[in-house]
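Undergrad: Got a structure for you, questions after.
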Number of protein chains: 2
Amino acid sequence: MERIYTSEVASRVGQRVRLAGWLHALRRLGGINFLVLRDARGTVQVVVDTPEALTILEGLLPETVLSVEGDVVAEPQAPGGVEIHAPQFEVLSPVRDALPFPLNKPEMKATLPTFLDHATVGLRHPQRRAHIRLQAGVMAGFRATLTNLGFTEIQTPKLVEAATEGGANVFGVKYFDRQAYLAQSPQFYKQIMVGVFERVFEVGPVFRAEPHDTVRHINEYVSLDVELGFIRDHRDVMAVLTQVVRGILARLQESYAPELALLNAKMPVAPDQFPSIYFPDAQELILQKWGEDCRGEPDLAPQHERWLGEWARQEYGSDFLFVTGYPMGKRPFYTHPNPADPAFSNSFDLLFRGTELVTGGQRLHLYQDYLDSAARRGYTDLRPFETYFETFKYGMPPHGGFAIGLERFIMQLLGLDNIRLATLFPRDLTRLAP
Amino acid sequence: MERIYTSEVASRVGQRVRLAGWLHALRRLGGINFLVLRDARGTVQVVVDTPEALTILEGLLPETVLSVEGDVVAEPQAPGGVEIHAPQFEVLSPVRDALPFPLNKPEMKATLPTFLDHATVGLRHPQRRAHIRLQAGVMAGFRATLTNLGFTEIQTPKLVEAATEGGANVFGVKYFDRQAYLAQSPQFYKQIMVGVFERVFEVGPVFRAEPHDTVRHINEYVSLDVELGFIRDHRDVMAVLTQVVRGILARLQESYAPELALLNAKMPVAPDQFPSIYFPDAQELILQKWGEDCRGEPDLAPQHERWLGEWARQEYGSDFLFVTGYPMGKRPFYTHPNPADPAFSNSFDLLFRGTELVTGGQRLHLYQDYLDSAARRGYTDLRPFETYFETFKYGMPPHGGFAIGLERFIMQLLGLDNIRLATLFPRDLTRLAP
């Protein structure tokens, strides 16, 4: 008999079906034994109503892999309105060890370190599984939106010869008899590929050797990168980002409704056009509305971002807010200045519920501008940049882009208090396994 | 005026349009000047028929970025049947340096090392660009097929604590004050995730520190990985792989026809079911048909694979052939034996036109089997495996999977003589940049 998923059971009332999955729970209620079977799609309740079945189940531990044949019966009391009767079990993979923590409670009780130590089984918990499954939805929505907008996917190398974006926070690799580094971002590669495809995106790992131990930092994460050419300025990049965010949210609502429901996710309000405020105006607003004078500061503090997030919500009903025109000094050397006000940049951050989610902007596109900018930053040795800068010698259109951290997106969407809960197998100062 | 792509020009005869792109070529034919403009979608011919336009173009070098407004005129003599008249040009990004090699010849003339040194501009050549664009098509077809089959995408860490698949060919990373390694494959992680999602796939980089200098090896490549649970045996894995290969080819034919045409790609014959031959039978066939006795050898030589590829083509009209049941000794320690003949494995290679393209098979799924297999291989220190093996303590269904090398697929599909031509920015013994 063809195996079906637990999610298909409700449409098979009156039929005998075959299921397979994990022994999620065994319960005894009012003298009746119930087995809850879990598979990739959900769970179903099995009434263990024959002595033969009971004998087979005796002593079985949670997570035993089973095949179950049984009759689908409508039962309003049962979760999902159906249950399986007259089951015949087959043990596919026995379990002899007790789990490090229960997987069948609605909430995961293990502490974070314990959970992470045993994530290889802990991720089977329906809530934790849903976090990771939503990652797949974010990636799918990201790619689909960009493919529809004429973008080409690329996969750029992660082993690089030189640390081109700040030398300190980079991991070194012994590459045969030479020194290599792990790419901190695909920044130069995606810019280079604008010269080839005009519009490109990449989904891939990035590596940051920042010795941070915070709830918002991990040392390897998945970056959703975009770069596009023939733009007017950063506003064209913001328009694409807006479509990408809306496309991701639409994909989640379309195809990941069970996960969102399980997690009680509060979907954000993402209007057609996200509101936007110019950096100096944001500082002025903070002074007027909250009495804090941060004018002249080169960046916004987290509290400032939270205030601005509140304001966007009240004023525009939007969970998203662009802050544009950050001062040049706080932006990377490839950032394009605002031609009308060159101390400020054609860049932006996208705040999501008052926390920075995305950074992006227009880039320099002329070779001489790269040389000048590098000189201004005091980069004396330009050899590491040579092969990248070559692109700009040979005609690059005005371009820009942005990057979204996959795990950050999930963390902020679900309101998780630690990014490690939104990460498959996190890497941090102390953790390299599993 | 809204910019359109060169590919849209043919549908705009009689209209004035705006284009943007790169100065691909300037030609003088019979006293008339032609400019060929290239953008992400193709090229179009512009007749430079006004003195003002000619003045602007004077001295412009190839790859100058231009915006062009002009009238679309049907012209049967022109490539594509249309050309642009009465153009007005605007230079967006000037070029002052001569290219390292021409990008506007039908075939790239540069030697491979020269090309690779300047790949950041060399990839703009239409043929080279098409190789990389087909990569995007392969990834899209891979993901779409698997998503339709109920697979969930994952992104697993590339920084790992231990070299679990052969210690020699692994790159070491200085990870704060510890030693880490770059993952040679997502093998264990994708198996672990079968316990969570049952069916998973990943597209991501893998790192091989093999000191090979061949036309078929690079040290970082993109691996298309699949793993699925609740299988009978390796034949269920082969069925999924067959659908994946056919899904990829269908996607290329649907959405990448211009690239396939430009490269004169000969699309392979991929029947509904790929033929299959058992390893010992393949050796017998080689003896009968080609007189070479390789019976008892643990593996097939490249010539054997070529013969078998010819045979599959003649006998079954298929460019693809499965060879199943490789001897256990030549397969990784997680390989599942053939229960009926335990010296042989429930594994397979997929030959594509007589060359191995994919390796896969059923894996061990019981904890004790892992311990036994590791012991048989003489692994004395199992600590590096501990966090991975934990999964198998807690109920793993029978499962298996495979991995396809993205660059290999493109190389074999297009009949390229060096994998570096199918790789965006190759990493090899001598090359770490660009």
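Undergrad: Within the stretch B:206-254, work out how many residues are over 18 Å from the mean Cα position of the chain (by Cα) and part of a strand (DSSP E or B).
TA: 3
Undergrad: Looking only at the stretch B:15-32, filter to residues that are of a type in the set (Lys, Arg) and exposed (fewer than 14 other Cβ atoms within 10 Å of the Cβ); which one of those is farthest from the other protein chains (Cβ to nearest Cβ)?
TA: B:Arg28
Undergrad: Here's a follow-up. Exactly one of these conditions fails for B:Glu210: (1) touching a His at 6+ places or on another chain (Cβ under 9 Å); (2) within 20 Å of A:Leu182 (Cα to Cα); (3) at the interface with another protein chain (Cβ under 9 Å from one of its Cβ atoms). Give me its number.
TA: (3)
Undergrad: Of the residues that make up the stretch A:99-112, is at least one modelled with pLDDT of 95 or more and acidic (Asp, Glu)?
TA: No - not one qualifying residue is present in the stretch A:99-112.
Undergrad: Further question on the same structure: For the stretch A:118-130, does any single residue satisfy the condition of being more than 25 Å from the chain's Cα centre (by Cα), among the aliphatic types (A, V, I, L, M) and in the same structural domain as A:Val226 (by TED's automatic domain parsing)?
TA: no
Undergrad: Of the residues B:Asp39, B:Asp117, B:Asp97, which is among the acidic types (Asp, Glu), exposed (fewer than 14 other Cβ atoms within 10 Å of the Cβ) and within 22 Å of A:Phe188 (Cα to Cα)?
TA: Checking each option against the conditions leaves just B:Asp97.
Undergrad: Enumerate the strands (runs of 3 or more DSSP E) found wholly within the stretch A:317-434, keeping only those where 2 or more residues are farther than 30 Å from B:Arg383 by Cβ, in contact with a Phe, Trp or Tyr (Cβ under 8 Å, 6 or more places away or on another chain) and within 14 Å of chain B (Cβ to nearest Cβ).
TA: In the stretch A:317-434, A:399-405 are the strands (runs of 3 or more DSSP E) which contain 2 or more residues that are farther than 30 Å from B:Arg383 by Cβ, in contact with a Phe, Trp or Tyr (Cβ under 8 Å, 6 or more places away or on another chain) and within 14 Å of chain B (Cβ to nearest Cβ).
Undergrad: Continuing with this model, one more query. Mind checking which residues of the stretch A:145-189 are more than 22 Å from A:Asp381 (Cα to Cα) and modelled with pLDDT under 95?
TA: A:Asp177
Undergrad: Out of B:Pro258, B:Pro280, B:Pro271, I need the residue that is surrounded by fewer than 20 Cβ atoms within 10 Å (Cβ to Cβ), assigned by TED's automatic domain parsing to the domain that holds B:Asp225 and under 23 Å from B:Arg128 (Cβ atoms). Which one?
TA: B:Pro258
Undergrad: Is it the case, given these coordinates, that B:Arg12 is modelled with pLDDT of 95 or more and either within 26 Å of A:Tyr367 (Cβ to Cβ) or within 14 Å of chain A (Cβ to nearest Cβ) (or both)?
TA: Against the criterion (modelled with pLDDT of 95 or more and either within 26 Å of A:Tyr367 (Cβ to Cβ) or within 14 Å of chain A (Cβ to nearest Cβ) (or both)), B:Arg12 does not qualify.
Undergrad: Right, here's the next one. Could you list all residues from the stretch B:137-177 that are in contact (Cβ under 8 Å) with a residue 60 or more places away in the chain, under 23 Å from the mean Cα position of the chain (by Cα) and either facing chain A (nearest Cβ under 7 Å) or within 26 Å of B:Leu424 (Cβ to Cβ) (or both)?
TA: B:Gly137, B:Val138, B:Met139, B:Ala140, B:Gly141, B:Phe142, B:Arg143, B:Ala144, B:Thr145, B:Leu146, B:Phe151, B:Glu165
Undergrad: For A:Leu263, indicate whether it is more than 14 Å from chain B (Cβ to nearest Cβ) and either over 21 Å from B:Val203 (Cα atoms) or crowded, with 22+ Cβ neighbours inside 10 Å (or both).
TA: yes
Undergrad: Within the stretch A:67-87, is there a residue that is under 30 Å from B:Phe389 (Cα atoms), assigned to a loop (DSSP other than H, G, I, E, B), modelled with pLDDT of 95 or more and of a type outside the set (S, T, N, Q)?
TA: Checking the stretch A:67-87: not a single residue is under 30 Å from B:Phe389 (Cα atoms), assigned to a loop (DSSP other than H, G, I, E, B), modelled with pLDDT of 95 or more and of a type outside the set (S, T, N, Q).
Undergrad: Inspect the stretch B:294-301 for any residue being more than 16 Å from B:Ala282 (Cβ to Cβ) and not basic (Lys, Arg) and give the result as yes or no.
TA: no
Undergrad: Checking the structure you have, find out if any residue of the stretch A:181-201 is more than 26 Å from A:Asn346 (Cβ to Cβ), surrounded by 22 or more Cβ atoms within 10 Å (Cβ to Cβ) and free of Cβ contacts under 8 Å to residues at least 40 places away in the same chain.
TA: The answer is yes, given that some residue of the stretch A:181-201 is more than 26 Å from A:Asn346 (Cβ to Cβ), surrounded by 22 or more Cβ atoms within 10 Å (Cβ to Cβ) and free of Cβ contacts under 8 Å to residues at least 40 places away in the same chain.
Undergrad: For the stretch B:81-93, give me the residue count where each residue is surrounded by 15 or more Cβ atoms within 10 Å (Cβ to Cβ) and farther than 12 Å from B:Ala53 by Cα.
TA: Residues flagged as surrounded by 15 or more Cβ atoms within 10 Å (Cβ to Cβ) and farther than 12 Å from B:Ala53 by Cα within the stretch B:81-93 amount to 5.
Undergrad: Counting only residues that are among the basic types (Lys, Arg) and in contact with an Asp or Glu (Cβ under 8 Å, 6 or more places away or on another chain), which one in the stretch A:280-338 is farthest from A:Ala375 (Cα to Cα)?
TA: Checking each candidate, the answer is A:Arg313.
Undergrad: Looking only at the stretch A:178-196, count every residue that is polar (S, T, N, Q) and within 10 Å of chain B (Cβ to nearest Cβ) and tell me the total.
TA: The total comes to 2.
The values are calculated or read from the model by the stated rules, or taken from the named source; none is laboratory data. For clarity, every value in this text was computed on a predicted model and none was experimentally measured. Don't worry about glycine lacking a Cβ; one is built from the backbone with ideal geometry, like all the others, and counts go over all protein chains shown.
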